[in-house]
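Below is one structure, written out as structure tokens; comments come after it.
Values quoted throughout were computed directly from the atomic coordinates according to the rules given, and no laboratory measurement underlies them. Treat the numbers as computed from the prediction; the structure is a model and nothing was measured. Neighbour counts run over all protein chains shown; Cβ positions are idealised from the backbone, glycine included.
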């Protein structure tokens, strides 16, 4: 027990010296489960993923079609608004930037924001430019394995810090929705579930933008 605590403290000191630990955060070696409401069931035959709003052509992908989209892997540090941080996490999934660059999704010039729509009507919002960064992923796998149900299976939004990429905006982890079912491109910003409950709309981890 003492060895585990000592190792955690040593690791936390290391990432702090490297400038990777945002203000008010603490390192965790676990992967806490935090969400509002029950874990939804997944039926691949009925599941679909929608893209609509300020796009040239709305899209609906079945699970089989979604699974065939171009895939990528990214390693990131992720930071929860509840003050835990997990470092060097490995994710696999679909880059929104790649989907736009390859023409799978064609945003209109009027598109400035994206609303992530998840199961049970949950939403969260980010500027289009942030979701087109390399540190946002429509993730299906974590640490080489499919997501577990309580971590968002089959698809969740993931946003974090890529080491050495100081050019990227890094929001808190809730800005990637679990159990994601669609993306709505919009002209105007529209706060989501937690933003309406008092959480900060921008949620920059380095500025410690936790609450409005």
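Numbers below:
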read-out: Choice from 67, 85, 26 showing the highest fluctuation, given a GNM over the chain with Cα pairs closer than 10 Å; value: 67
read-out: Residue 52/residue 189 FRET efficiency (R0 22 Å; Cβ-Cβ; nearest 0.05); value: 0.85
read-out: Helix axis angle, 2-17 relative to the chain longest principal axis, alpha carbon, degrees; value: 70 degrees
read-out: Listed candidates (1) 21.3, 78; (2) 17.0, 58; (3) 17.6, 66 - label of the one calculated as Rg and Dmax of the Cα atoms in Å; value: (2)
read-out: Computed lengthening from residue 134 to residue 73, 0.36 nm per intervening residue step minus Cα-Cα distance; value: 20.9 nm
read-out: Longest to shortest principal axis, alpha-carbon extents of segment 110-212, angstrom; value: 36, 34, 28
read-out: Cα gyration tensor category, rounded, prolate or oblate, for segment 68-168 with a/c compared to 1.5; value: rounded
read-out: The chain: most fluctuating residue of 109, 146, 171 per GNM, C-alpha cutoff 10 Å; value: 109
read-out: Gaussian network model of the chain, springs between alpha carbon atoms under 10 Å - residue of 110, 98, 124 with greatest fluctuation; value: 110
read-out: Whole-angstrom gap from segment 163-208 to segment 50-119, using each part's C-alpha centre; value: 13 Å
